[in-house]
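I have placed the structure first, in the form of structure tokens, so that the comments after it can refer back to it.
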Amino acid sequence: MIRLESSDGRLFAVDQESAYMSSLLKNIDQDLGTDINPILLHNVTGTILARVIEYCVHHRDDVRLDKDVEDLLQDDNQVEAWDRQFMNVDDSTMLQILYAADYLGVEPLVDLGCMFIACIIRDMPVDEIRLRYGVVEDFTDAQRQQMQLEADLLK
């Protein structure tokens, strides 16, 4: 078992196979062994770490297929019902799960989170995306015009 401590002090015990879905945890465990016990994760709260662990436990026996995200976006049947339910959370939680998965190096969860966000924003106007995710537009008029010119050339 690998013991983890979240940024808010919650302790978790995770089986090695599930923990090794995280490249960060795998590297720490292989490099330092059980000398670091528990492994302190400053960037992940207990609530979000529990979700990431839940994902890793569920998928620990999966064979990783290199599916193109575009293929998954085209075929909704490619995403398991369990994953759909897992990602059925508010935007803030989804982004926190994505940030934690990226920090921990849980690539299948990063891919899943990116895919869900892509599906959400796929047909959304740019202004609505900015508003929903708090993206500040800080381009100058000249930069905006240059981007529009380049976009027109690509059409």
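The values are calculated or read from the model by the stated rules, or taken from the named source; none is laboratory data. Computed from a prediction, not measured in an experiment: that's the story for all the values here. Cβ: placed from backbone, ideal geometry, glycine included. Neighbour counts: every protein chain shown. Accessible surface areas use protein heavy atoms only, side chains included; no ligands, DNA or RNA. Shrake-Rupley method; radii C 1.70, N 1.55, O 1.52, S 1.80 Å.
Some observations on this one:
- Under the combined filter of DSSP loop state and at most 16 neighbouring Cβ atoms within 10 Å, segment 113-151 retains these trypsin sites (Lys or Arg not before Pro): 122.
- Extension gain, residue 8 to residue 150: 0.36 nm times the residue separation minus the Cα-Cα distance gives 46.5 nm.
- Note on the chain: with charges restricted to the Cβ of Lys and Arg (+1) and Asp and Glu (-1), its dipole about the Cα centre is near 380 debye.
- Scanning residues 5 or more positions from residue 39 or on other chains, those with amide H under 5 Å from its amide H are 3, 4, 5, with H placed 1.01 Å from N in the peptide plane.
- The 1.4 Å probe gives accessible areas that order 94, 124, 147, largest first, as 147, 124, 94.
- Karplus-derived 3J(HN,Hα), 6.51/-1.76/1.60, for each residue of segment 132-147, Hz, glycine and proline x: 5, 10, x, 7, 8, 8, 10, 7, 7, 4, 5, 5, 4, 5, 5, 5
- With a Förster radius of 30 Å applied to the C-beta separation of residue 61 and residue 103, the computed FRET efficiency comes to 0.80.
- Measuring only protein heavy atoms, the 1.4 Å probe finds residue 7 accessible over about 60 Å².
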